[in-house]
Amino acid sequence: MKPVAAMTRLEFAAFVAAEFRRRKINVVLSGGSCVSIYSQEKYVSMDLDFVNAGFTKRAQIIAAMEVLGFHEENRYFRHPNATFLVEFPPGPLAVGEEPVKEIDEIKTATGIVRIISPTDCVKDRLAWYYHSNDTQCLQQAILVATANPVDLTEIERWSHTEGKIGAFRRIKNSLIGSGKTKRRT
């Protein structure tokens, strides 16, 4: 296996996810690292957020991480040979007020990582923009949307549900930039 210090973010995420898969613990990568992956590292997050989608007890998470060589510092896990930190936010796996609709799986040499889809990644970032006026998260949403096919109709529907359809309409053209936007029929 590739040394931890030489792993890309995606390989590192799959390395962690493989141990959880082996233990039948349901975790899904979300947050800023998804933006990093979907933007080809144009945005750089220094932590990986694996949502504990199965409500696994913290002791089981700690045991899995210790087997991989991690130690816990506050709420983060650190590996001595990695620059990335790992965190396990509690479920539910949601964007705004709704559950995540689509989970992708990406296979790497170090394993398979379950990750929220580009569409749900955009919704996750827009939730921060809509509800906390976080303009960095808006820029992250644009990075993901312009580099990946996203379901703009779904993002519009979700924005309406969040009570933010006006904000969506103001930024909609920024999310279309690359021509990769998909629409469900």
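The figures follow:
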| read-out | value |
| --- | --- |
| With Cα atoms, 0 to 90° folded angle of helix 135-147 axis to the chain main axis | 90 |
| Relative packing of peptides 18-28, 113-123 - highest average C-beta neighbours within 10 Å first | 113-123, 18-28 |
| Between helix 118-132 and the chain: long-axis angle, C-alpha atoms, 0 to 90°, nearest 10 | 70 |
| 222 nm mean residue ellipticity, helices alone, for the chain (DSSP H n ≥ 4; -39,500 (n - 2.57); rounded to 500) | -13500 deg cm²/dmol |
| 0 to 90° range, to nearest 10: angle between helix 165-176 axis and the chain longest Cα axis | 70 |
| Residue exposure sequence - TYR129, TYR38 - by fewest surrounding Cβ within 10 Å | TYR129, TYR38 |
| Counted charge near GLU72, where neighbours are those whose Cβ lies closer than 11 Å (Asp, Glu -1; Lys, Arg +1) | 0 |
| Pairwise FRET efficiency - GLU41 versus ILE106, Cβ, R0 = 22 Å, nearest 0.05 | 0.90 |
| Exposure proxy order (Cβ contacts within 10 Å, fewest to most) of VAL150, VAL51 | VAL51, VAL150 |
| Inter-site label distance for ARG21 and GLN139 at 7 Å from Cα along Cβ, in nm | 3.4 |
| Measure of compaction for segment 51-185 (Cα Rg per 2.2 N^0.38 Å) | 1.20 |
| Placed amide H near VAL95: partners under 5 Å, 5+ positions off or other chain | VAL100 |
| Point-charge dipole on Cβ atoms (K/R +1, D/E -1) for segment 23-178, about Cα centre, debye to 20 | 80 |
| Sequence-distant residues sharing a close amide H with ASP151 (under 5 Å, placed H) | THR119, LYS182 |
| Share, in percent, of DSSP beta bridges within the chain that are antiparallel, nearest 5 | 75 |
| Of LYS2/LYS123; LYS42/LYS123; LYS57/LYS164; LYS101/LYS164; LYS107/LYS164; LYS24/LYS107, pairs whose Cα-Cα distance is over 28 Å | LYS2/LYS123; LYS57/LYS164; LYS107/LYS164 |
| Loop GluC sites (Glu not before Pro), segment 55-151, which have at most 13 other Cβ atoms in a 10 Å radius of their Cβ (DSSP) | GLU97, GLU102 |
| Summed residue charge, Cβ within 15 Å of THR110's Cβ, Lys/Arg positive, Asp/Glu negative | +3 |
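All of the numbers you see were taken from the coordinates with simple rules; none came from a lab. Treat the numbers as computed from the prediction; the structure is a model and nothing was measured. Reconstructed Cβ throughout: ideal geometry from the backbone, glycine too, with neighbour counts over all protein chains shown.
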